[in-house]
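To start, the structure under review is shown below, and the notes come after it.
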Amino acid sequence: MVINIFYLAVSRDEFLWRELFYSYYRIPRSVPRHPAAVSWYREFKRLFDCIPCVEVQTLREHSDQVLHLAFSHRGHRFSSCSKDCTVKLWDTER
């Protein structure tokens with residue numbers, strides 16, 4: 001019973017989840033946790049559950065990090081915005 005309580009305490013340790021958050025997502029440590037986030041554990045879990053982690057295609061036309069994608073209703077077009085201050089429109093049927 002004592003061992004189970006120890007593992008539960010370690011698994012909820014904020015320092016551990018903060019370190020895992022920055023290393024797993026490769027986010028600079030200067031970026032703070034989202035203001036609405038309750039804990040590092042919950043923020044890690046939210047991103048892990050909601051953000052795809054498999055790179056399918058690279059958008060090489062942007063010169064900096066892509067921040068957001070928005071898809072059309074049919075899914076054949078989408079737009080992307082980047083830290084390079086550009087918005088690009090894409091057509092997947094071409």
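The values are calculated or read from the model by the stated rules, or taken from the named source; none is laboratory data. Small disclaimer: the values here were computed from a predicted structure and weren't measured. All Cβ positions, glycine included, derive from the backbone under ideal geometry; neighbour counts span all protein chains shown. Ligands, DNA and RNA are stripped out before the accessible areas are found, and what is left, the full protein with its side chains, is counted by its heavy atoms. Shrake-Rupley method; radii C 1.70, N 1.55, O 1.52, S 1.80 Å.
Summary table below
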quantity	calculated
Largest to smallest accessible area among 26, 33, 12 [probe 1.4 Å]	26, 12, 33
Segment 41-94, dipole about Cα centre (Lys/Arg Cβ +1, Asp/Glu Cβ -1), debye to the nearest 20	160
Radius 10 Å from Cβ of residue 86, net charge of other residues (Lys, Arg +1; Asp, Glu -1)	-1
Extension gain, residue 72 back to residue 58 (0.36 nm per residue minus Cα-Cα distance, nm)	3.1 nm
